[in-house]
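Engineer: One structure follows; several queries about it will come next.
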Amino acid sequence: MTSTSPSWTAGYVAELDYTHGYYREMSPLNLELAMLSRLQAHSVKRPLRYLELGFGQGLSLNIHAATTQGEFWGTDFNPTQAANAREMAAASGANLKVLDQSFEELRDRDDLPEFDVIVLHGIWSWISDENRRVIADLARNHLAVGGIFYVSYNTTPGWSAAMPLRHLMSLHVNLATSEATGLGSRIDAAVNFAEQVVDSNALYFRANPAVAERLKAIKGHNRNYLAHEFFNADWHPMPFSEAAEYLAQAKLSFAASSNLISHVDTLHLTPQQQQLLASISHPVLRESVRDYCENQQFRRDVFVKGPRGLTPQRQIELLQSHRFVLQAAEGVIALKLNGPAGEAHLQAEVYRPVAAALAERAHTPKSFAELSAHPLLKSISASQLAQALFVLTGLNYASAAQDDEQIAAVRGTSQALNRHILERAVFSNEVSFLASPVMGAGVPLGRIQQLFLRAISRGKRTPQDWALDIWPLMEAQGQRLIRDGKPMQTAAENISELSTMGQDFAQKRLPMLETLGVTVPPGPAPSVLPGLSIAAA
């Protein structure tokens, strides 16, 4: 961003760490399911070879490596983030090579294998044109034929109106604030300055009221997130056609969005828009028009090297062995959805019995073939069942699931990674996902719930025991639970509240975590991670 930035950053923010985000869209199972739902073939098998470019803190990379059979690679040129990712990899024992090389350095290695899957989240929008060409080179030379390439990025036209806002804030950071104050303070100053411009009745914001509303949302975001999202020297929301042009040089063709719920056209497009898109044969033009219809600002694209279409019949044949698991209570599934095109309703006569069948036997994973033969689903066609499973997965009510052999192969590394994350929860709430060997993906779980699992792994049996295990950790850090907006002051109050929370956790959340393989069996573990101490929050 400035002339005094270390040269290795190439203008990328390094002063503030990136957030510890997890992105299920990059899990191999989700990518494969997205391809299948859009009638696209791929050649990814197990064990696979998987590469993540620009992995940030490395949480997604580590979860996928710990929960999936294969050889995993990842690079992020920020050494602090690479060190964090390596610590997790060492804890899990997964087959994962973590590098702190630039994309160019990675491309020029002579030992880089051929990968079945290459992924990158967000970074495409924050790098130079030269680095985008390097990524295309990596895909051309090291993605297997039939392999999957995933890229997510800020896009237009959804970002078009707000791009001048980012420019204004970036100008303020670079021209009106001192580096000595630190980037976080400079970002605060830039956001406050932008608010002053809005309040001055500037015609731009009067003509674009939605941008003023976006500024309000920006003000509430985590500053580490804002630093990487808005304040890199390179920041380029890109139309789909431009991204597709870069990747065409690597022999990649667009196949699908990894966001399965975006495949439900009735939720995102009006009947007139659906008719318009159906009349467009060229995929690049069709996707571009779709972005205008939806005012798309962030894309999650799956490309493939060597596109091959599937017939609906072949799709059903391939689905037979795919397994699914219901990861939410059957009763919470809502049939009324709100989308850009308005309200949509899922067919109760389809979705209720599908959910009921998935919920049987304590939510044990079930194959498409098993569900097809279920008595509850005898009046539901194969295509209706497929659509329901895609939609339930897209809504995070369900998930693709691995087979029993695959689960057994990765259970140890998944549990080891989870044990490491649970120990981090002693002093930090940065990581809010654990690894599921059943899903081959991450499961969201907050810090207190992680500490309940940690207490269980330490042999504590009841919610009261869990509360007594957790409270000393919180007390040592000066932390209190909040009730009605006020911190609870006494130990008795906090322990009582923790116990109540534990009872709710035991009834509503713990059984599902056990089904998903997320729990950690009792065993030896350090009370605090080596080299770290409990600090006041």
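Engineer: Antiparallel as a % of all DSSP beta bridges within the chain, to the nearest 5?
Structural biologist: 60 percent
Engineer: Are there GluC sites (Glu not before Pro) in the stretch 83-131 that DSSP marks as loop and that have at most 13 other Cβ atoms within 10 Å, and which are they?
Structural biologist: Answer in residue order: Glu114.
Engineer: What Rg and what Dmax come out for the stretch 295-355 when only alpha-carbon atoms are used, in angstroms?
Structural biologist: Answer for the stretch 295-355, Rg first and Dmax second: 16.4, 42 Å.
Engineer: Here are labelled values, (i) 61, 60, 42; (ii) 85, 62, 54; (iii) 63, 59, 53, and one is the computed Cα extents along the principal axes in Å for what I pasted. Which one?
Structural biologist: (iii)
Engineer: A follow-up question, please. With a cut-off of at most 10 other beta carbons within 10 Å, and DSSP calling the residue loop, which trypsin sites (Lys or Arg not before Pro) in the stretch 457-510 qualify? Please list them.
Structural biologist: Counting only loop positions with at most 10 other Cβ atoms within 10 Å, the trypsin sites (Lys or Arg not before Pro) in the stretch 457-510 are Arg461.
Engineer: Just how much of His167 is accessible, in Å², when a 1.4 Å probe is used and the result is rounded to the nearest 10?
Structural biologist: The accessible area comes out at roughly 110 Å².
Engineer: What order, most packed first, do the peptides 67-73, 52-58 have when packing is the mean number of other Cβ atoms within 10 Å of each residue?
Structural biologist: My ranking of the peptides, most packed first, is 52-58, 67-73.
Engineer: Sticking with this structure for a sec: Please pull out the direction-averaged projected area of the stretch 442-492, using the convex hull of its alpha-carbon atoms, in nm² to one decimal place.
Structural biologist: Its average projected convex-hull area is 4.5 nm².
The values are calculated or read from the model by the stated rules, or taken from the named source; none is laboratory data. All values derive from a computational prediction rather than experimental measurement. All Cβ positions, even for glycine, are placed from backbone atoms using ideal geometry, and neighbour counts span all protein chains on display. Areas reflect the complete protein model, heavy atoms only, side chains present, ligands, DNA and RNA absent. Shrake-Rupley method; radii C 1.70, N 1.55, O 1.52, S 1.80 Å.
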